[in-house]
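Values quoted throughout were computed directly from the atomic coordinates according to the rules given, and no laboratory measurement underlies them. These figures come from a predicted structure and were not determined experimentally. Glycine gets a Cβ as well: all are built from the backbone with ideal geometry, and neighbour counts include every protein chain shown.
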Amino acid sequence: MAQLLEFFRNFDPGFFIRAVVDIALVAYILYRLILLAKGRRAWQILIGIGVFFALMLGSEVAGLMTVNWLLKQVTPLGPVAIVILLYPEMREVLEKLGRLDFWGTPLTATSREDVTPALDQIVRATMLLAARKTGALIVLERETGLDDVIATGTEIGSEVTSELLATIFYVGTPLHDGAVIVRGNRIAAAGCTLPLSDSPNISTNVHMRHRAAIGVSENSDAVVVVVSEETGTVSIAVNGKLNRGLNDEKLRQKLYEAFGKSTAKKTRPSTGVSFNFPRRRSSANGASRNGSDSGKQDAAAAPAAPAPPAKPASRPVSKDAAPNEEAAP
């Protein structure tokens, strides 16, 4: 009790306020830095740094002296390595600080919206472009942000539709020769430039469009849909691997799997619609036909109505007797 009274006697309100403001400001800056890093390559780098220090502490506790010594030898190079690895993100932070965008960055690192409509529209547009042998490059953003790639193109911000995608990649339009970035259910930008893959394992017959798709899938977790301009072949690139020769069902399945969607839920309603629509169309078309068609139907149905005339034909009579029987009345 005496210690508590001594604490309140020596309590300095000014020092307490300054400490609270100091802690809150540091916490807010760290919070904004985490928001900026989350969803980018910098987030994986920071996680890797945390794992490195965890291994160093764990090796020291476990008594692994050789492993701990090796990790400690690498530690002095950490600041230089961090600056090199995080150079693009650090530059972006300084630019945003100058524009004051850093302080109002919303929490949009990961999108939770349903992207199923966008995936269906992309499949439809891809098949349309493949049939016309029109080259296309569609990048679907997932957890890793692609703001640096979006900055190289023209921002659109429109809803994903197959008609708009087909228009963008139409030969002769200003944006047809670049990549389209899809974020959620919206087209973020078009005419974007993608980094090319420098992997030595890529075959020599892989052209620039496919090499760019592999490159952006290596640098991020994006899913890239490619349509070959020469053959119209549809391909998809995920995690640096290119899968070629896809039809609409295979492409839809790959996209649904990449975004954690189930194709079973999508196929069940579609089968019910496919069975019902042809019946409605047939009845509607029959109702909308002209009088000649309805007359044909009536004429076809008329002979089936009078059943009694079929009785004389069922009796075993000769061909010559048949006229006499008909003429008798």
Taking a ≥ b ≥ c as the square roots of the Cα gyration tensor eigenvalues, with a/c under 1.5 meaning rounded and otherwise prolate when a/b beats b/c, else oblate, which class fits segment 211-258? oblate
Give the order of THR193, THR116 when sorted by the count of other beta carbons within 10 angstrom, beginning with the fewest. THR193, THR116
Starting from the 7 Å offset along Cα-to-Cβ, what nm value, one decimal, do you get for the label separation of ILE23 and HIS207? 6.2 nm
Amide H proximity to GLU159 below 5 Å, modelled H, separation 5+ or other chain, gives ILE187
Please arrange THR75, THR126, THR167 by counting, for each residue, the other beta carbons lying within 10 Å of its beta carbon, fewest first. THR75, THR167, THR126
Sequence order, segment 247-257: Karplus ³J(HN,Hα) from phi using 6.51 cos²θ - 1.76 cosθ + 1.60, θ = phi - 60°, Hz rounded, Gly and Pro as x, gives 9, 5, 5, 5, 5, 4, 5, 5, 5, 5, 5
Listed by chain and number, the residues whose amide H is under 5 Å from that of VAL182, excluding neighbours fewer than 5 places away on the same chain and using placed H, are VAL139, LEU140, GLU141, ALA188
Integer Hz, Karplus 6.51/-1.76/1.60 couplings in order for segment 173-184, x for Gly and Pro: 6, x, 9, 6, 8, x, 9, 9, 9, 10, 10, x
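Multiply the residue gap between LEU70 and VAL83 by 0.36 nm, knock off their C-alpha separation, and tell me the result in nm, one decimal place.
Extra length available between LEU70 and VAL83 comes to 2.5 nm.
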Just rank ARG209, ARG244, ARG18, fewest to most, by other beta-carbon atoms within 10 angstrom. ARG18, ARG244, ARG209
Under-20-angstrom lysine pairs by C-alpha in segment 116-264, whenever the two are 8 or more apart or on separate chains: 4
Rounded, prolate or oblate: which fits segment 102-235, taking a ≥ b ≥ c as square roots of the Cα gyration tensor eigenvalues, rounded meaning a/c under 1.5, else prolate when a/b beats b/c? oblate
